Amino acid sequence: MSKEYLANENQITKRFICFPDKLDCEFDYGEGKRGVRLKGFQVDSPLDLFKEATIYTFDIDSTDFYSIKSTGGKLYTYRFIDSFISGERYALITIIESEGNSYYYPSFSTEKPIYIKIETIAFQYFSEPEFKHSKQVLQFITDNNIKNDENSFLDLSDFGDFKFCAFGVGQGMCSLAYNEINKIGILFDSGAGTPVKRYPYQKNKIQNSLHSVIDNLETLYLILSHLDSDHYRLLHWDKNLLSKVDCIFIPAYENWLDAKDAKFKAFTIGINNLYIKGNNFRALAMKTNPNTGLDQKNNKALVSMIEIDQKLMLLPGDYSYSMMTLDNNKKINDLMQIGYDFINVPHHGDYASRLNIPTVNCDGIAFFSAGNHEGYKHPNSDSLDEHQNQGYNNIIYGNSGNITIEYSNKWSVSC
């Protein structure tokens, strides 16, 4: 699939308000290409469309992003990058749909990417907007359409026994507790990353055990550990999955731009605590209260613990063991005092995950849900060694292929 085929021959200029997703990622299109991933929406549209905007994903070549110069001829992206990352500023980006090194596409779609050139980038404060209709546009951004609930409870005790699966999705995370008889499931993240990419996933070129389970379910909940796209990108790529999700739980009081897309219909709730009670199953999801790094997305999180048949599973997302130990939420501290039969190692097995590893139960599994990203180089070898030294059986998602870890009366691993 060549860029020439996908590029738009008519050079159309458009403007978008954009926000950071990943400042270093491997592109979904273009073998080995890396750059900056942003998400945003068009601001040249009629104002009444903002109620049902289309959210776009941008993969921008690093040179395109960082080489923009001011009217005085000076490089300035680096001057504003910190305030852009922290959310103090947004980026007003002008693009031309033309052959280039960067591209964009509607996030919730199967549409091909359109290649673009970046004409201008302006990093603006929310308090000092400098574009037409800025009041209405910024109100669309800041208005939170998500209901927040301090404590939520799901009673599934009338259903039968639940099973557990963790899926290999590359540099992402995706696990599922489900009852196939009553056709109900709870997803814990729905992400993916290198080497699992958008085009081969949507063209069914990747073996996908998740589909075979999800297709048979009628009721589906989703708990997102945090709002990094590698923990929910399957919602972007998979319209069948998106249509099946009835309710999404996210960390309380977070504004999620993706939930404002016109195609996004799932009821979304921000929570501090969620308790799920089943027959042989219970689950807790608790919002973090970090004592440091308050502005980092990884730390604005829900940490989940699952118990099935007295087997304990820890799903911390990208929140490190050390952060859990020091968290101001005592319930999260208490999770570190428990032994586990399964851990989805935080942040794909990064360097920080080598510290404060929880106690292992007999034959416990440490799953490193990581890909082959040349920049991140997850999983870290020190983390692998330390988990093994603690007594965990390490399972690593490889550079290709499919892996599913399942608990149904006993643990099994299929590739």
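Which numbered condition in (1) assigned to a loop (DSSP other than H, G, I, E, B); (2) among the hydrophobic types (A, V, I, L, M, F, W, C); (3) touching a strand residue (DSSP E or B) at 6+ places or on another chain (Cβ under 9 Å); (4) loosely packed, with under 14 Cβ neighbours inside 10 Å is the only one that ILE181 fails?
The single condition ILE181 does not satisfy is (3).
Please pick out the residue among ASN291, ASN272, ASN328, ASN298 that is more than 18 Å from LEU222 (Cβ to Cβ) and touching an Asp or Glu at 6+ places or on another chain (Cβ under 6 Å).
ASN298
Could you check, for the range 269-279, whether at least one of its residues is surrounded by 23 or more Cβ atoms within 10 Å (Cβ to Cβ), of a type outside the set (Ser, Thr, Tyr) and within 19 Å of MET324 (Cβ to Cβ)?
no
For the range 356-367, does any single residue satisfy the condition of being hydroxyl-bearing (Ser, Thr, Tyr) and either within 25 Å of LEU210 (Cα to Cα) or without any contact (Cβ under 8 Å) to a residue 24 or more places away in the chain (or both)?
Looking for residues that are hydroxyl-bearing (Ser, Thr, Tyr) and either within 25 Å of LEU210 (Cα to Cα) or without any contact (Cβ under 8 Å) to a residue 24 or more places away in the chain (or both), one finds none in the range 356-367, hence no.
Which one is modelled with the lowest pLDDT among residues in the range 323-357 that are of a type in the set (Ser, Thr, Tyr), surrounded by fewer than 23 Cβ atoms within 10 Å (Cβ to Cβ) and over 20 Å from GLU307 (Cβ atoms)?
So, considering only residues that are of a type in the set (Ser, Thr, Tyr), surrounded by fewer than 23 Cβ atoms within 10 Å (Cβ to Cβ) and over 20 Å from GLU307 (Cβ atoms), the one modelled with the lowest pLDDT is TYR351.
Failed condition for ALA166, given (1) out of contact with any Lys or Arg (no Cβ under 8 Å at 6 or more places or on another chain); (2) assigned to a loop (DSSP other than H, G, I, E, B), with all others met?
With respect to (1) out of contact with any Lys or Arg (no Cβ under 8 Å at 6 or more places or on another chain); (2) assigned to a loop (DSSP other than H, G, I, E, B), ALA166 is out only on (2).
Quick one: how many residues across the range 19-36 are assigned to a strand (DSSP E or B) and surrounded by fewer than 21 Cβ atoms within 10 Å (Cβ to Cβ)?
6
Provide a single number: the residues in the range 63-102 that are polar (S, T, N, Q), within 18 Å of ARG15 (Cβ to Cβ) and assigned to a strand (DSSP E or B).
Count: 3.
Is it true that THR268 is at negative phi, modelled with pLDDT under 95 and not assigned by TED's automatic domain parsing to the domain that holds SER109?
Criteria met by THR268.
Sort through PRO358, PRO346 and tell me the only one that's closer than 23 Å to PHE162 by Cβ and either in contact with a Leu (Cβ under 9 Å, 6 or more places away or on another chain) or of a type outside the set (Asp, Glu) (or both).
Unique residue meeting the criteria: PRO358.
From the list THR142, THR120, exactly one residue is among the polar types (S, T, N, Q), over 30 Å from PHE267 (Cβ atoms) and in contact (Cβ under 8 Å) with a residue 24 or more places away in the chain. Which is it?
Answer to the check: THR120.
Given the conditions (1) polar (S, T, N, Q); (2) within 22 Å of the chain's Cα centre (by Cα); (3) assigned to a strand (DSSP E or B), and given that GLN124 satisfies all but one, which numbered condition is not satisfied?
Answer for GLN124: the failing condition is (2).
Tell me, which residue of the range 147-163 that is farther than 25 Å from LYS265 by Cβ and either touching a Lys or Arg at 6+ places or on another chain (Cβ under 8 Å) or surrounded by 24 or more Cβ atoms within 10 Å (Cβ to Cβ) (or both) is modelled with the highest pLDDT?
PHE162
For the range 297-324, which residues satisfy the criterion of being among the small types (Gly, Ala, Ser) and over 19 Å from the mean Cα position of the chain (by Cα)?
Correct list: SER322 only.
Taking the range 223-239 on its own, how many of its residues are among the hydrophobic types (A, V, I, L, M, F, W, C) and in a loop (DSSP other than H, G, I, E, B)?
Counting residues in the range 223-239 that are among the hydrophobic types (A, V, I, L, M, F, W, C) and in a loop (DSSP other than H, G, I, E, B) gives 2.
For residues that are surrounded by fewer than 16 Cβ atoms within 10 Å (Cβ to Cβ) and among the charged types (D, E, K, R), scanning just the range 37-79, find the one that is modelled with the highest pLDDT.
The extreme case among them is ARG79.
The values are calculated or read from the model by the stated rules, or taken from the named source; none is laboratory data. Source: prediction; values computed, not measured. Cβ sites come from the backbone with ideal geometry, for glycine too, and all protein chains shown count toward neighbours.
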